[in-house]
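Structure first, then comments.
Quick note: the coordinates plus some simple rules give every number you see, no bench work behind them. Quick caveat, the model's predicted, so the values are computed rather than measured. Cβ sites come from the backbone with ideal geometry, for glycine too, and all protein chains shown count toward neighbours.
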Amino acid sequence: MKPVPCRACPLRSMPLFMTHSDEEIGLIESLKKEQVVFRADTAVIHEGQADGPLYTLLAGWAFRYKTLSDGRRQILNFLLAGDFIGVQQKMTEATVHGVQALTDVALCVFRRDALWELHRTAPTLGFGVTWLTAHEEAIVDDTLLSVGRRSAMERIATLLVMLYKRAAALDTEGDLVARGVPFPLTQLHIADALGLSLVHTNKTLRKLEALGLHRIEDGRLRLLDVRALSRLADLYGDGRPSPRPLI
């Protein structure tokens, strides 16, 4: 992907993202260092990395994770276009998690002092960063609820609905019932996100598909009965993303 000026960012025209003033966009552009691409399955941020930059995910999917000493991995949340990456590291000397590209990804890279400049120069954008970090925390909280209290079927149903709604909000081509949304997760990603074994994940996905609730084919997810899947997940609200800032 060729470098895209902030004013011409394709994400800004999407209904999902809030409108910012010319001055705010100019400030964002002044803090942007470059635009980079990472291939699928490569590390964007390493666990324990110090002095890493801030990123906005421009295109593709990634995930944030932590590992134990024996290699067991917990995926904390999945990252889609528009997500702001790296804020947690600013609060510690080194990052306490890693970020890995799930697909090929394009990212906008920001100066390390961007957070201070946003809060100092443009309080609205500073609040936007706070909103984005609170939103990510809410996603992690819901994952904790799933891992701690939901059954395997409820966990997977929740993940499918939430990711479907997030991906659908970034789709501009319409007809999602027939086409579905991109879904690059493997069963191992699902298992690592929900605290399930790979065998249990496979069996549960088969059960949900047999009930006619969803279908995953050719890297795309179709929800065949959204209401039934949402009831099974015991979701609060409809899972549809709220309008959000774009840094």
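Structural remarks
- Cβ-Cβ under 7 Å pairs, at least 6 apart or on other chains, region 31-53 side on the phi < 0 side of the Ramachandran plot, far side acidic (Asp, Glu) and in a loop (DSSP other than H, G, I, E, B): VAL37/ASP104; ARG39/ASP104; ALA40/ASP104; ALA50/GLU93
- Residues of region 36-67 that are surrounded by fewer than 17 Cβ atoms within 10 Å (Cβ to Cβ) and either over 22 Å from the mean Cα position of the chain (by Cα) or in a strand (DSSP E or B) (or both): VAL36, VAL37, ALA43, ALA50, ASP51, LYS66, THR67.
- For region 93-146, the candidate set comprises residues that are part of a helix (DSSP H, G or I) and of a type in the set (Asp, Glu); within that set, the residue that is farthest from the chain's Cα centre (by Cα) is GLU117.
- Cβ pairs under 9 Å, 6+ apart, first in region 130-144 and closer than 12 Å to THR158 by Cβ, second surrounded by 14 or more Cβ atoms within 10 Å (Cβ to Cβ) and aromatic (Phe, Trp, Tyr): ILE139/PHE78
- Counting the residues of region 1-35 that are in a loop (DSSP other than H, G, I, E, B) and among the polar types (S, T, N, Q) gives 2.
- Among the residues of region 93-126, those that are more than 30 Å from LEU188 (Cα to Cα), touching a residue at least 12 places away in the same chain (Cβ under 8 Å) and not charged (D, E, K, R) comprise PHE110, ALA114, LEU115, LEU118, THR121, ALA122, THR124, LEU125.
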